[in-house]
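Here is the structure we will look at, set down as structure tokens.
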Amino acid sequence: AQKVTQAQTEISVVEKEDVTLDCVYETRDTTYYLFWYKQPPSGELVFLIRRNSFDEQNEISGRYSWNFQKSTSSFNFTITASQVVDSAVYFCALSPPYGQNFVFGPGTRLSVLP
Amino acid sequence: DGGITQSPKYLFRKEGQNVTLSCEQNLNHDAMYWYRQDPGQGLRLIYYSQIVNDFQKGDIAEGYSVSREKKESFPLTVTSAQKNPTAFYLCASSIDRPRGQVTEAFFGQGTRLTVV
């Protein structure tokens with residue numbers, strides 16, 4: 001069975017602080033894909049990153065960075081110098097290499113205060 | 001602009017009535033999905049379709065039905081058999097790749113359904 005855990009239900013930070021959102025996953029597949037999505041108040045999910053299980057390189061995109069640790073089954077997301085516009089619910093998701101069945105975590109609500 | 005359009009944005013339904021949520025995409029994606037989101041919970045898969053005229057049940061299909069008569073359209077009907085239909089419904093689509101190549105899904109803006 002596949003499962004995604006996001007232990008942090010809600011996080012509040014002050015603008016310009018760095019913040020890390022945790023994601024821990026469970027799967028028996030040796031090949032799998034991990035995703036992060038952002039859900040702003042408008043409701044739609046915005047794709048942020050996709051990573052396959054064979055690529056453990058960390059990735060940086062502007063103020064966003066992702067740390068994939070296969071040994072601990074974690075795929076954490078860090079926002080550097082947070083901004084008010086980063087306020088949203090962030091979802092981590094897992095997919096097997098077949099079909100297209102994404103398993104989502106419960107989400108972390110991030111509030112960035114001015 | 002390419003994207004996924006869900007309508008309506010807000011929907012109210014009386015108990016015992018069926019209601020249909022619309023989802024249209026012009027991204028030329030083969031695969032389409034319906035998810036349900038409840039407060040404080042992640043997204044749960046209701047149905048998905050990888051090709052026209054074919055669809056599969058997801059984790060919580062009971063009380064829901066879908067059709068896929070056109071590639072662009074994947075409407076969801078919430079039937080009176082759904083015990084607790086009040087929720088936020090999200091439609092998504094993705095490119096359907098051969099086994100072993102999973103791509104990201106793109107989402108619509110959602111429909112908030114309230115049973116009154």
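The values are calculated or read from the model by the stated rules, or taken from the named source; none is laboratory data. Please read all numbers here as calculations on a predicted model, not as lab measurements. Positions of Cβ are backbone-derived with ideal geometry, glycine not excepted, and every protein chain shown enters the neighbour counts. Each accessible area value is taken on the protein alone, full model and side chains, heavy atoms only, with ligands, DNA and RNA left out. Shrake-Rupley method; radii C 1.70, N 1.55, O 1.52, S 1.80 Å.
Solvent-accessible area per residue for chain A at a 1.4 Å probe radius, Å²?
Accessible area per residue, chain A: 47 Å².
Quick one: putting +1 on the C-beta of Lys and Arg, -1 on the C-beta of Asp and Glu, what dipole do you get for chain B around its Cα centre, in Debye to the nearest 20?
Dipole of chain B, to the nearest 20 debye: 260 debye.
Counting only heavy atoms of protein chains, what accessible area per residue, in Å², does chain B have with a probe of 1.4 Å?
50 Å²
Just report the Cα centroid separation between region B:28-58 and region A:1-59, whole Å.
A separation of 20 Å, based on Cα centres.
Normalised by the number of residues in chain A, what is the relative contact order in percent for Cα pairs under 8 Å and 6+ residues apart?
38 percent
Roughly to the nearest percent, how much of the accessible area of region A:1-106 is carbon and sulfur, given a 1.4 Å probe?
Carbon and sulfur: 48 percent of the exposed surface of region A:1-106.
Any of A:Lys38/B:Lys9; A:Lys16/A:Lys70; A:Lys3/A:Lys38 with alpha carbons more than 26 Å apart? Name them for me.
Among A:Lys38/B:Lys9; A:Lys16/A:Lys70; A:Lys3/A:Lys38, the Cα-Cα distance tops 26 Å for A:Lys16/A:Lys70.
Which one of A:Thr30, A:Thr20, A:Thr80 has the biggest mean-square fluctuation once chain A is modelled by GNM with Cα springs under 10 Å?
With Cα springs under 10 Å in chain A, the top fluctuation among A:Thr30, A:Thr20, A:Thr80 is at A:Thr30.
In Å², rounded to the nearest 100, what is the total accessible surface buried by chains A and B against each other with a 1.4 Å probe?
Using a 1.4 Å probe on protein heavy atoms, the buried area is about 2000 Å².
On the Cα set of chain B, report Rg and Dmax in Å, please.
Reported Rg and Dmax, both Å: 13.6, 44.
Evaluate the charge dipole of the protein assembly as shown about its Cα centre and quote only its size in Debye, nearest 20, assuming +1 on the Cβ of each Lys and Arg and -1 on the Cβ of each Asp and Glu.
About 480 debye.
Answer with one residue from B:Asn28, A:Val89, B:Ser49: the one whose Cα lies farthest towards the positive end of the charge dipole of the protein assembly as shown, charges on Cβ with Lys, Arg +1 and Asp, Glu -1.
B:Ser49
Please build a GNM for chain A, connecting alpha carbons under 10 Å apart, and tell me which residue among A:Asn76, A:Asn101, A:Asn52 fluctuates the most.
With Cα springs under 10 Å in chain A, the top fluctuation among A:Asn76, A:Asn101, A:Asn52 is at A:Asn101.
Mind checking which lysines have their Cα closer than 19 Å to the Cα of B:Lys83? Skip sequence neighbours fewer than 8 apart in that chain.
B:Lys14, B:Lys57
Let me check something: with ligands and nucleic acids excluded, how do A:Lys38, A:Lys3, B:Lys71 order by accessible area (1.4 Å probe), largest to smallest?
A:Lys3, B:Lys71, A:Lys38
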